[in-house]
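Just so you know, all these numbers are worked out from the coordinates, no wet-lab data involved. Worth saying up front: this structure is predicted, and the values here are computed from it rather than measured. We place every Cβ from the backbone using ideal geometry, glycine too, and count neighbours over all the protein chains shown.
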Amino acid sequence: MSDTRSDGELLRAIAADADRHAFEELYRRYAPWLRARLRGRCADLGVVDDVVQETFLAVWRGTARHRQEGHSPDAAGWLWRIGSRRLVDALRGDGARGRLRQALARLRHRDEVSAEERVLAGVEHGDLAGALVRLSPELRAVLQATVIDGLTTREAAVLLGIPPGTVKTRAMRARKQLREALA
């Protein structure tokens, strides 16, 4: 039987009462989505599964606290921020092996369009979709990591396997190209 409580109610029940049923429902709602989203960033299923588990353990243990803003908390965004940062930490801990895995994942998936790229390409405000499509994959990857995923320059550098200076340069070039295309 599925829980009919809202995400906000589930989060409050987990935080206040350590409600196991609320936690299980939150996990059922978001673990598959988080796993799929992290797979776009990491080809190693073992690392992805570990990160998903660590994300939900942080929620259960209360080490990750949701700050409710307004009436409807964004559980998906909150879980994504936790998961993406834990992925960066996991890859950072792997060092060279993690960077190699990421490089191989990028090579394997470079012809596949991610869900985020499809969404961005479908934006219908102005010519933003066309401008985004015209960006090189490297520039789009930096924008995705820093803008969509909300990672810091250092976190994006680890995730993408490039130096922080390169992240900054690519972000600056991407913004410049978008401004020129939209002007």
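Here is how the numbers come out for the structure above:
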quantity: ³J(HN,Hα), Karplus 6.51/-1.76/1.60, whole Hz, each residue of segment 143-153, x for Gly, Pro; calculated: 4, 4, 5, 8, 8, 6, 7, x, 7, 6, 4
quantity: Nitroxide proxy distance, nm - points 7 Å out along Cα→Cβ at A16 and T166; calculated: 4.9
quantity: Cα-only radius of gyration and Dmax that characterise segment 1-59, units Å; calculated: 12.5, 36
quantity: ³J(HN,Hα), Karplus 6.51/-1.76/1.60, whole Hz, each residue of segment 161-177, x for Gly, Pro; calculated: x, 10, x, x, x, 5, 4, 4, 5, 5, 5, 5, 5, 5, 4, 4, 5
